[in-house]
Every structure is written in structure tokens, then in C-alpha cells.
Amino acid sequence: MTRRAVALYMSITCALSIIMPGRFYIGVILSVEMLLLTVTIAFLTHLLNYIKLTLIKECILCIYVIFFTILFKSLLSLAMPLIALQLSFLIYFPSISSFTTAFLITDSNKTLMASLIDNLTSSLVFCVYILLFSLFRDLFGYGTITFPAIPSFIQLRVIADNTGISSLIASVPAACILSGVLLIVFLMIERKYNIIKLATRK
Amino acid sequence: MLFTFFHYFIFSSSVLLYGIGFNSVTILSDKIRLLRLSLIKALLTILLTTISSWAVCYTFLIPLNICELYPFVVILIFLGISIFFETIIRITTDDSAADFNLTLLIIILAMNESLSMIEAVIICLASLASFILLLFIVHIIKLRIYSTNLNNYVTFTSKKPLVFIALGILIIIFLGVNISWLNTGMLK
């Protein structure tokens with residue numbers, strides 16, 4: 001990835017993590033959705049390349065993304081109806097996002113293994129960030145850790161009586177500010193790393 | 001009608017709270033003058049797709065009890081209309097106004113949360129208006145960053161964190177009135 005692609009990747013990840021509710025189980029479900037989408041898109045791209053259907057490949061992939069999301073939502077509604085109701089419109093975000101169009105639906109003619117590794121690397125970093133961010137918001141916002149379960153979710157209270165002003169941490173504006181701060185830290189580390197890299201090259 | 005418009009425009013902004021185009025608004029605000037064509041195309045695509053999708057859903061999906069498939073109808077109609085406009089723009093202006101995420105998410109939101117075709121159209125218009133409003137606000141924030149000392153060491157790509165922080169503060173300004181600050185639970 002180029003420096004600009006990394007910056008775009010980080011900003012997309014941050015933007016997606018801001019809008020989701022500050023609960024760990026939401027992070028887990030969206031991560032699972034993203035990983036499944038990544039794997040199936042890699043297989044479908046390979047299949048379309050194999051049968052030489054490259055002209056309308058992007059259209060088919062866009063339709064597939066919607067098909068996958070409907071299927072995922074239906075399965076989620078069967079297993080966890082409450083969570084599916086809470087996610088509602090948000091479930092379309094990982095699939096119809098700049099992340100999918102910029103990093104998963106690409107023109108490359110790589111082998112199946114190479115595209116799987118490439119896509120999974122980007123998705124795994126994305127998922128780990130989403131999981132850590134939602135865990136932080138859940139823990140310090142509500143004082144709990146929540147896990148997805150059938151038919152709803154399991155809640156473990158970690159910090160007792162955490163109902164005061166700290167619940168603002170789980171809100172959207174706090175997530176926005178926190179993402180901004182994390183991006184500053186990331187860019188500072190990247191700048192220092194580049195300086196060290198240049199110095200060692202000389 | 002007016003309440004629905006302002007709900008998705010400001011009170012529960014589709015960009016700030018639903019997150020539609022949250023990332024795009026921070027990127028596109030740099031080239032605001034070049035967006036005229038894209039916005040006109042987005043407006044036409046959104047309106048035509050919403051009206052057609054609503055008609056198809058009302059005629060076929062609702063009688064057959066398969067409303068869950070509405071995004072599938074939306075994407076099929078959306079691709080047809082979007083490719084048609086994109087072709088016309090490329091032939092006439094040699095330019096591209098391709099956009100997938102923002103327009104599609106606005107249409108799905110409108111179809112998901114509306115009870116009539118008119119309401120769906122109003123939600124679409126309000127969401128697009130909210131996006132345009134945010135484009136201008138973020139553009140002004142970026143100009144402000146340029147004019148301060150921050151510009152000396154903040155590069156092009158790293159302006160984004162400051163924009164995120166500014167947007168967070170903007171949400172508090174817009175929606176702070178909705179929070180009951182005197183609630184004992186809030187200021188415990």
C-alpha cells in the first residue's frame with residue numbers, strides 16, 4: 001500500500017467505527033460480516049476471472065455485495081432478532097462502504113491465494129481496529145463487556161455503577177474525537193518511522 | 001413533511017448520525033468547486049431510483065410478502081440509472097461522476113425508513129442537502145486550518161484528524177440540546 005492508500009484506509013476504518021453503537025457485540029458481528037464478505041468476494045472474483053466475465057465483473061460484484069448483506073441480515077434475524085433490529089440500517093455499512101469498493105472490488109488478475117491473502121490482511125487490520133475500538137467504548141462508556149449470543153447478548157459488568165458522565169464516551173461525538181486523536185497518534189508514529197527508515201538508509 | 005425534512009437534514013443528520021458519506025465529506029470538501037456535476041447526477045439518480053424502486057416494491061414485493069429483498073431491487077435499478085447517466089456525462093463532458101456508496105446508502109435509508117413514496121423522496125432530498133451542508137462546513141474548517149499556524153506542520157493527509165475532532169464538536173453543538181444535561185444520571 002502507498003502512503004496515501006494507508007491514510008485512506010485508516011480514515012475509512014475510523015469513519016466506520018464512529019457510526020456503530022459503542023458495544024463490543026456489535027463490533028464482533030460487523031467484523032464477522034466483513035471477514036465473510038472478504039473471503040467470498042475473493043472466491044467470486046477468481047471465478048469471474050476464470051470464466052472470463054471481466055466486462056461486467058464490477059456490476060456482478062456490486063450485486064453480490066447486496067445479496068450477501070440481505071442473506072447475512074436474514075440469518076442474523078433468525079438467530080439474534082434483537083441485535084438484527086438494533087443494527088437495522090447499519091448492517092449495510094461494511095458492505096456498501098469505500099472500504100469494499102477501494103480495497104476488495106479491484107481489477108487485479110492475481111491468483112486466488114494471492115488475492116485472498118491481500119484482502120484478508122486489509123480486512124483483519126480493519127476488524128482488529130473495530131474490535132478494540134468497540135471494546136474501549138463498551139468498557140469505559142457503559143462499564144461492561146458484551147458478547148453476542150443466541151438469542152440476544154451476554155453482558156459482563158466490569159466497572160460497577162458506571163452510569164455518570166462517562167457514558168458520553170460511548171456516544172458518536174466522543175467516538176469522533178477519539179478517532180481524531182488516534183489518527184494523530186498513528187500519523188506521528190508513521191512520521192517517526194519514516195525518519196528512522198531514511199536515516200538507516202543513509 | 002417539513003419535520004421529516006429537518007429530521008434528516010439537521011436534528012438527526014444522515015451524515016453525522018447515520019454516517020452516510022461521513023468519510024466522503026472529509027475527502028470531497030477539498031474539491032468543492034468540481035462537484036457540481038457529481039451532485040446533479042447524484043440528485044437525479046437518487047430521485048429516479050427511489051421512485052422506481054418504491055413503485056416496484058409496492059407492486060411486486062409487498063403483495064408477495066418478500067419486502068426483505070428491497071435492497072436487491074434498489075441495486076438493480078440503481079446500476080441501470082447510474083450507468084446511463086455516467087455514460088451521458090462521459091460522452092458530453094469527458095469527465096467522470098461515478099459514485100456508488102453515498103447515493104446507494106441514501107436510497108436504502110429512504111426505502112428503509114419511509115411509509116410513502118413522497119416521504120422517501122423527502123428523506124433522499126434531506127440526506128443529500130445534509131451532505132452538501134456538511135461539505136461547505138468541512139471546507140470552511142479546512143480553510144481555517146490552512147490559515148492558522150497548524151498548517152506549518154500539518155500535511156495534506158494529516159488534516160483529517162483535526163476535521164474528525166471538529167465534526168465531533170459540531171455534533172455536540174447540533175445535538176447537545178437533545179441531551180437532558182440536568183438529568184442526575186448524566187452529571188452524577
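Rounded if a/c is under 1.5, else prolate if a/b beats b/c, else oblate: with a ≥ b ≥ c from the C-alpha gyration tensor eigenvalues square-rooted, which is chain B? Spell out each step's value before the answer.
On the way: a/c = 2.72, a/b = 1.27, b/c = 2.14.
Here chain B falls in the oblate category.
Taking θ = phi - 60°, what integer Hz values does the Karplus form 6.51 cos²θ - 1.76 cosθ + 1.60 yield along the stretch B:10-24, in sequence order, with x for Gly and Pro?
Going residue by residue, I get 10, 4, 10, 3, 5, 8, 6, 9, 7, x, 6, x, 4, 6, 4 Hz, with x marking Gly and Pro.
Beyond 22 Å, how much of the Cα-Cα pair distribution for the stretch B:26-100 remains, as a whole percent?
36
For chain A, build the convex hull from the C-alpha positions and give me its volume per residue in Å³.
Per residue, the Cα convex hull of chain A comes to 142 Å³.
For chain A, what is the charge dipole size about the Cα centre, in debye to the nearest 20, if Lys and Arg each add +1 at the Cβ and Asp and Glu each add -1 at the Cβ? Each step should come with its number before you reach the end.
Values: 14 positive and 7 negative charges, 146 e Å.
Dipole size: approximately 700 debye.
What's the exposure ranking of B:C57, A:C127, A:C176, going from fewest to most Cβ atoms within 10 Å?
B:C57, A:C127, A:C176
Looking at chain A as a GNM with Cα springs under 10 Å, which of A:I26, A:I184, A:I70 has the largest mean-square fluctuation?
It is A:I184.
With a cut-off of 8 Å between alpha carbons and a minimum separation of six or more residues, what is the relative contact order of chain A in percent?
32
Before rounding to the nearest 500, sum -39500 (n - 2.57) across all DSSP H runs of length at least 4 in chain A and divide by the residue total; then give [θ] at 222 nm in deg cm²/dmol.
Roughly -22500 deg cm²/dmol at 222 nm, from the helical runs in chain A.
Please turn the phi angles of the stretch B:61-66 into ³J(HN,Hα) values with the Karplus equation 6.51 cos²θ - 1.76 cosθ + 1.60 (θ = phi - 60°), one per residue in order, whole Hz, x for glycine and proline.
6, 5, x, 8, 6, 10
Under the classification rounded if a/c is under 1.5, otherwise prolate if a/b is larger than b/c and oblate if not, where does the stretch B:5-68 fall, given a ≥ b ≥ c as square roots of the Cα gyration tensor eigenvalues?
prolate
Pairs A:K57/B:K142; A:K197/B:K142; A:K192/B:K142; A:K197/B:K159; A:K52/B:K31; A:K73/B:K142: which are spaced more than 27 Å apart, C-alpha to C-alpha?
Cα-Cα > 27 Å for A:K57/B:K142; A:K197/B:K142; A:K52/B:K31; A:K73/B:K142; rest within.
Can you give the translational diffusion coefficient of the stretch A:120-202 in µm²/s, computed by Stokes-Einstein from the Kirkwood radius over Cα pairs at 37 °C and 0.692 mPa s?
In µm²/s, the coefficient is 214.
Can you pull the Kirkwood radius for the stretch A:78-138, inverse mean 1/r over Cα pairs, to one decimal in Å? Before the final figure, lay out the partial values.
Values: mean 1/r = 0.0727 Å⁻¹.
Taking the inverse mean of 1/r over all distinct Cα pairs, the stretch A:78-138 comes out at 13.8 Å.
How far apart, in nanometres, would the label points at A:V125 and B:L2 be if each is projected 7 angstrom from Cα along the Cα-to-Cβ direction?
So the label points at A:V125 and B:L2 sit 5.0 nm apart.
Let me make sure I get this right: for the stretch A:1-102, a, b and c are the square roots of the gyration tensor eigenvalues over alpha carbons, sorted descending. Under 1.5 in a/c it's rounded, otherwise prolate if a/b > b/c, else oblate. Which is it?
oblate
Select from B:I108, B:L79, B:I32 the residue farthest towards the positive end of the dipole of the protein assembly as shown; place +1 on Cβ of Lys and Arg, -1 on Cβ of Asp and Glu, and compute about the Cα centre.
With unit charges placed on the Cβ atoms, the residue in question is B:I32.
Explain nothing, just the number: dipole magnitude of chain B about its Cα centre with +1 on each Lys and Arg Cβ and -1 on each Asp and Glu Cβ, in debye rounded to the nearest 20.
I would put it at about 680 debye.
Among B:P63, A:V158, A:I29, which residue has its Cα positioned farthest towards the positive end of the charge dipole of the protein assembly as shown, with +1 placed on the Cβ of Lys and Arg, -1 on the Cβ of Asp and Glu, and the dipole taken about the Cα centre?
So the residue we want is A:V158.
For peptide A:14-22, what's the mean number of Cβ atoms from other chains within 10 Å of each residue's Cβ?
4
How big is Rg to Rh over the protein assembly as shown, alpha-carbon atoms, Rh as the Kirkwood inverse-mean-distance radius?
Radius of gyration over Kirkwood radius for the protein assembly as shown works out to 0.96.
To the nearest 0.05, how large is the calculated FRET efficiency for B:T93 and A:A160 if R₀ is 56 Å and r is the Cβ-Cβ distance?
After rounding, the FRET efficiency stands at 0.35.
Towards the positive end of the charge dipole of the protein assembly as shown, with charges on Cβ (+1 Lys, Arg; -1 Asp, Glu), say which of A:L120, B:L125, A:T45 has the farthest Cα.
My answer, from the dipole projection, is A:L120.
Here, each number is a calculation from the coordinates, and none is a lab measurement. Just so it is clear, the structure is predicted and the values come from calculations on it, not from any experiment. Cβ coordinates were reconstructed from backbone atoms using ideal geometry, including for glycine residues, and neighbour counts include every protein chain displayed.
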